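The values are calculated or read from the model by the stated rules, or taken from the named source; none is laboratory data. Worth saying up front: this structure is predicted, and the values here are computed from it rather than measured. As a convention, Cβ positions derive from the backbone with ideal geometry for all residues, glycine included, and neighbour counts pool all protein chains shown.
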Amino acid sequence: MAKIVQLSDCHLFKDKNKTGYNNINPYQTLQLLLCKVARLNPDGVLVTGDISGDDSAQSYQHFFELLEQFNLLNKFKVVAGNHDQSDLFDELLTHFDLAKSRPWQQDSWLIHGIDTRHEGTLGQVSVENLQNLKNNLQHASEGFHLIACHHHPIPCGGWMDKHQWLNGHNFVEQITQLPQVKLVIYGHIHHDTHQMIRQCCFHSCPSTCWQFANQADFSVSNEMPGFKLYQLHNDGTFNCTTIRLQQEQLD
């Protein structure tokens, strides 16, 4: 069994003391959550985009410092989010970018990354990159597969669908025809959801800072920052747990 933690949408600022929606300090909440992650002693930590909230070099440095503080840097992989658009991301994180490397082997599972960055908040994947992913999946038909991305490939039914993955339906149609793909995980919507399509489960992740309400118009939820823990079993099944902070930890 492999134990994988998913973090997403950290939105760190240059200023460690700066707060955002709901007066949440993203540096503080990530630090508190990483303390929980470290106690779990996972086999891997996968971040599904938007490490930075202001595109500053300092925000990425804060992230590295926190991972080092909890001895998690050597277990870390990332896929880029729409806030990771600058050269800084490629300069600082190429070594950790799962979309630019071979699949990540975790026992009987292979974890693949795909880069969904496009224009602004919108996502898209080129025909070539989607075909390359599909080829990698078909050539490694043994074992079980997890795909990590930033944008939501299926509609969430709320206002975040305005910031959609434009050709997400093509991704879903092709991936769900491959029975070895058991799980797709993503961030972007700052909301915890899951849905089954054919044999494949699609899971979104809460943000490590503020949460969005899944409503027609922009709204922030009062749910606490969190992350997901996946236990990937050697028979192709998995367990998923959402772990959140408690309000008293922020007071």
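Summary table below
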{"quantity": "Test: residue in region 209-232 that is polar (S, T, N, Q) and in contact with a Lys or Arg (Cβ under 7 Å, 6 or more places away or on another chain)", "calculated": "yes"}
{"quantity": "Out of Ala148, Ala99, sole residue that is closer than 30 Å to Ser219 by Cα, of a type in the set (A, V, I, L, M) and within 15 Å of the chain's Cα centre (by Cα)", "calculated": "Ala148"}
{"quantity": "Restricting region 224-250 to residues that are among the charged types (D, E, K, R) and at pLDDT 95 or above, the residue that is nearest to Cys200 (Cα to Cα)", "calculated": "Lys228"}
{"quantity": "Conditions (1) part of a helix (DSSP H, G or I); (2) within 18 Å of the chain's Cα centre (by Cα); (3) among the basic types (Lys, Arg); number of the one not met by Arg39", "calculated": "(2)"}
{"quantity": "Single residue of Leu245, Leu178 found to be over 27 Å from Asp84 (Cβ atoms), hydrophobic (A, V, I, L, M, F, W, C) and in contact (Cβ under 8 Å) with a residue 40 or more places away in the chain", "calculated": "Leu178"}
{"quantity": "Where Glu91 falls short, out of the listed (1) modelled with pLDDT under 95; (2) within 24 Å of His163 (Cα to Cα)", "calculated": "(2)"}
{"quantity": "Matching residues in region 101-135 - criterion: being part of a helix (DSSP H, G or I) and either in contact (Cβ under 8 Å) with a residue 12 or more places away in the chain or of a type outside the set (D, E, K, R) (or both)", "calculated": "Val127, Asn129, Leu130, Gln131, Asn132, Leu133, Lys134, Asn135"}
{"quantity": "Yes/no for Asn82 being free of Cβ contacts under 8 Å to residues at least 24 places away in the same chain and more than 17 Å from Lys228 (Cα to Cα)", "calculated": "no"}
{"quantity": "Counted residues, region 20-35 - those being farther than 19 Å from Tyr60 by Cβ and either touching a Leu at 6+ places or on another chain (Cβ under 7 Å) or in a loop (DSSP other than H, G, I, E, B) (or both)", "calculated": "2"}
{"quantity": "Meets criteria (outside any loop (DSSP other than H, G, I, E, B), at pLDDT 95 or above and within 21 Å of Ile51 (Cα to Cα)) for His188", "calculated": "no"}
{"quantity": "Residue match in region 196-206 (condition: in contact (Cβ under 8 Å) with a residue 40 or more places away in the chain, surrounded by 14 or more Cβ atoms within 10 Å (Cβ to Cβ) and among the polar types (S, T, N, Q))", "calculated": "yes"}
{"quantity": "Region 1-25 - residue that is touching a Pro at 6+ places or on another chain (Cβ under 8 Å) and surrounded by 23 or more Cβ atoms within 10 Å (Cβ to Cβ) and, of those, nearest to Gly120 (Cα to Cα)", "calculated": "His11"}
{"quantity": "Leading residue by the ranking (farthest from Gly236 (Cα to Cα)) among those in region 151-163 that are assigned to a loop (DSSP other than H, G, I, E, B) and over 16 Å from the mean Cα position of the chain (by Cα)", "calculated": "Gly158"}
{"quantity": "Test: residue in region 62-72 that is surrounded by 14 or more Cβ atoms within 10 Å (Cβ to Cβ) and outside any helix (DSSP H, G or I)", "calculated": "yes"}
